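Single-structure report; data block below.
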């Protein structure tokens with residue numbers, strides 16, 4: 001009986017820790033020296049600004065000018081379920097994507113680089129180790145709609 005109590009206590013603590021990290025805004029997001037944040041050490045993220053081949057996704061080309069490209073991305077995000085814009089400025093959009101079943105929060109970032117006419121992308125899970133390819137699937141869905 002004592003073993004079950006200890007096990008239950010551990011489960012409650014783990015659930016609390018996961019909930020805390022899931023609901024807390026991560027530190028270090030945004031653009032620094034024309035780069036999005038580095039990817040975490042865990043494999044649950046993708047970026048167009050990484051040297052890791054397995055986690056690399058291609059940046060998207062501008063469609064028209066900066067403003068037109070941003071509006072196009074925002075329109076795509078508006079049409080997607082459970083995507084909530086958290087921060088936006090002249091060259092950057094930060095979105096929180098919430099998974100349907102477990103309500104995990106993933107951070108999705110877009111950096112619109114006017115010098116190269118490219119949209120850099122980063123998507124990372126806040127909790128867990130593996131995302132079972134969800135961040136890559138999210139990128140592919142956005143890229144497919146954007147390229148139409």
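The values are calculated or read from the model by the stated rules, or taken from the named source; none is laboratory data. Since the model is a prediction, treat every value here as computed from it, not as a measurement. Every residue, glycine as well, gets a Cβ built from its backbone with ideal geometry; the counts of neighbours run over all protein chains shown.
Summary table
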| item | result |
| --- | --- |
| Hits in segment 87-119 (condition: within 14 Å of the chain's Cα centre (by Cα), farther than 15 Å from residue 68 by Cα and either modelled with pLDDT of 95 or more or not in a loop (DSSP other than H, G, I, E, B) (or both)) | 87, 94, 95, 96, 97, 98, 105, 106, 107, 108, 109 |
| Options 146, 139, 104; residue that is touching a strand residue (DSSP E or B) at 6+ places or on another chain (Cβ under 7 Å) and closer than 17 Å to residue 56 by Cα | 139 |
| Pick from segment 54-83, criterion under 18 Å from residue 145 (Cα atoms) and within 13 Å of the chain's Cα centre (by Cα), ranking: surrounded by the fewest Cβ atoms within 10 Å (Cβ to Cβ) | 82 |
| Residue 115 vs. criteria out of contact with any strand residue (DSSP E or B) (no Cβ under 7 Å at 6 or more places or on another chain) and closer than 20 Å to residue 33 by Cβ | yes |
| Residue in segment 58-70 that is part of a strand (DSSP E or B), under 23 Å from residue 39 (Cβ atoms) and in contact (Cβ under 8 Å) with a residue 40 or more places away in the chain present | yes |
| Residue identified as at pLDDT 95 or above and loosely packed, with under 12 Cβ neighbours inside 10 Å among 38, 51 | 51 |
